[in-house]
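These notes concern the structure reproduced below.
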Amino acid sequence: MTAPLATLVAGLPATVPFVGPEKQERDRGRPFAARIGANESVFGPSPMAVEAMRRAAPDMWMYCDPNNHDLRMALAAHHRVPPESIVIGEGIDGLLGYTVRLFVESGRKVVTSAGAYPTFNYHVAGFGGELVTVPYRDDAEDPEALVETAWDSGARLIYIANPDNPMGSWHGAERISRMIDAMPEGCLLCLDEAYVEFAPGDCAPAWDAADKRVIRFRTFSKAYGMAGLRIGYAVCAPETAAAFDRIRNHFGVTRMAQAAALAALGDEAHLASVQAAVMAARMRIHDIAVANGLRTLPSATNFVAIDCGRDGAFARRVLAGLLKRDIFVRMPGIAPLDRCIRVSAGRHHELDLLEAALPPALREAAESG
């Protein structure tokens, strides 16, 4: 006999937030020529991180340090916050799951933007929470509306990404600080800063690790080029950080990931080179779009949203045309955001392929509409 699923889980669809490019390649029977859809850093990790992983490899027979001590100390010094305010986890995705588990009970309302990062929604559904969504405003998340909705609904959590995925938009630190100050009592702001290293300097508020109203998430997946290692961290009030120890996978972050993140954090020159390369790639994507009669949305991330100028059905046909030509990109899933396709920063040869593939993809999309 098979044990029955928990009632909550039995009622959920068997799905994942994203269909990975690997599955698409298997279904297609061939690889993509340009993998510029998952907002990975094609510019790779720091050579210092690669060397740290090489040195750590012979010790893989040992479990990791469950306290992530060395990395926590380094991050605390880097951000000038107490080490007791740092939580290390399996990327932001893993940390969001722990956060929802900590604070959301069955039926508890959670506020997010309609069309925002779907993995957060996936966790809310998985723990029985009820999503309350707010529309984007001018292609950006709306901090004031999110807070107002939390007040009206009695929500336990608010999620916002700054800079935003999938649109690339951002808010200044003052506006985010006002959002924090306006939070309802007993509500926690989940501030996803995965792309903050690509944003203007006035994007992130000053650190206040004692503030119990907010938990800030950072990652080594984007600017640091280590998406495949699954390592990120949260900064929050020490009491909040301590609560994670009640439920987290204490051996979830490998020795190799800890060593690589520690080395990457110290390689400021590599980070600067990646930031410069991303800026150049964003400009190239903009130029390609404009040459095809399209416009791009301003971006503070390592991707660019290209407005295809019509509706979501047209954008999906453009996307299909690019996939047919071995260019892996993605698009937002909810109108009116889905009039866009989202292209990650690529290297010169990858953007050359995009430049060649976009005109016929647009032409076919128009002819078949």
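Among the numbered criteria (1) modelled with pLDDT of 95 or more; (2) surrounded by fewer than 18 Cβ atoms within 10 Å (Cβ to Cβ), which single criterion is violated by ILE88?
All conditions pass for ILE88, except number (2).
Please verify whether region 118-137 includes one or more residues that are open to solvent by less than 20 Å² (accessible area, probe 1.4 Å), touching a His at 6+ places or on another chain (Cβ under 8 Å) and either under 27 Å from GLY309 (Cβ atoms) or not in a loop (DSSP other than H, G, I, E, B) (or both).
No - not one qualifying residue is present in region 118-137.
For region 231-253, which positions are under 22 Å from the mean Cα position of the chain (by Cα) and open to solvent by 70 Å² or more (accessible area, probe 1.4 Å)?
ASN249
Select from region 210-230 the residues that are among the hydrophobic types (A, V, I, L, M, F, W, C) and closer than 16 Å to ILE176 by Cβ and write down the one among them that is surrounded by the fewest Cβ atoms within 10 Å (Cβ to Cβ).
The initial filter retains those residues of region 210-230 that are among the hydrophobic types (A, V, I, L, M, F, W, C), namely 210, 214-215, 217, 220, 223, 226-227, 229.
Still in the list and also closer than 16 Å to ILE176 by Cβ: 214-215, 217.
On the way: VAL214: 22, ILE215: 26, PHE217: 25.
Filtering region 210-230 for residues that are among the hydrophobic types (A, V, I, L, M, F, W, C) and closer than 16 Å to ILE176 by Cβ, the one surrounded by the fewest Cβ atoms within 10 Å (Cβ to Cβ) comes out as VAL214.
Within the set of pairs 6+ apart or on separate chains, which have a first residue in region 6-23 that is within 27 Å of GLY37 (Cα to Cα) and part of a loop (DSSP other than H, G, I, E, B), a second that is open to solvent by less than 70 Å² (accessible area, probe 1.4 Å) and acidic (Asp, Glu), and C-beta atoms under 9 Å apart?
PRO17/ASP93
Assuming ALA155 fulfils every condition listed in (1) in contact with a Phe, Trp or Tyr (Cβ under 9 Å, 6 or more places away or on another chain); (2) part of a loop (DSSP other than H, G, I, E, B); (3) open to solvent by less than 40 Å² (accessible area, probe 1.4 Å); (4) under 26 Å from ASP208 (Cα atoms) apart from one, which condition is it?
Result: ALA155 fails condition (1) only.
Looking at VAL343, is it open to solvent by less than 60 Å² (accessible area, probe 1.4 Å), assigned to a strand (DSSP E or B) and either over 20 Å from ASP138 (Cβ atoms) or touching a residue at least 40 places away in the same chain (Cβ under 8 Å) (or both)?
Spelling it out, VAL343 is indeed open to solvent by less than 60 Å² (accessible area, probe 1.4 Å), assigned to a strand (DSSP E or B) and either over 20 Å from ASP138 (Cβ atoms) or touching a residue at least 40 places away in the same chain (Cβ under 8 Å) (or both).
Would you pick out the residues in region 42-63 that are open to solvent by 20 Å² or more (accessible area, probe 1.4 Å), closer than 25 Å to GLU197 by Cβ and touching a Phe, Trp or Tyr at 6+ places or on another chain (Cβ under 8 Å)?
Listed by number, the list holds a single entry, PRO45.
Would you mind stating whether PRO66 is buried (at least 22 other Cβ atoms within 10 Å of the Cβ), at negative phi and at pLDDT 95 or above? Before you say what the answer is, go through the steps one by one.
Numbers: buried (at least 22 other Cβ atoms within 10 Å of the Cβ): no; at negative phi: yes; at pLDDT 95 or above: yes.
Considered against the rule, which asks whether it is buried (at least 22 other Cβ atoms within 10 Å of the Cβ), at negative phi and at pLDDT 95 or above, PRO66 comes out as no.
Hey, could you check region 163-200 for residues that are closer than 28 Å to GLY37 by Cβ and open to solvent by 40 Å² or more (accessible area, probe 1.4 Å) and say which is modelled with the highest pLDDT?
Only one residue tops the list, namely TRP170.
Could you pull out the residue among ARG26, ARG72 that is in a helix (DSSP H, G or I) and open to solvent by 70 Å² or more (accessible area, probe 1.4 Å)? Show your work before the answer.
Working: ARG72 fails: open to solvent by 70 Å² or more (accessible area, probe 1.4 Å).
Result of the check over ARG26, ARG72: ARG26.
The values are calculated or read from the model by the stated rules, or taken from the named source; none is laboratory data. What you see is a predicted model, and the numbers here were worked out from it, not measured in a lab. Cβ atoms come from the backbone with ideal geometry, glycine included; neighbour counts cover every protein chain shown. The area values use the complete protein model at the heavy-atom level, side chains included, leaving out ligands, DNA and RNA. Shrake-Rupley method; radii C 1.70, N 1.55, O 1.52, S 1.80 Å.
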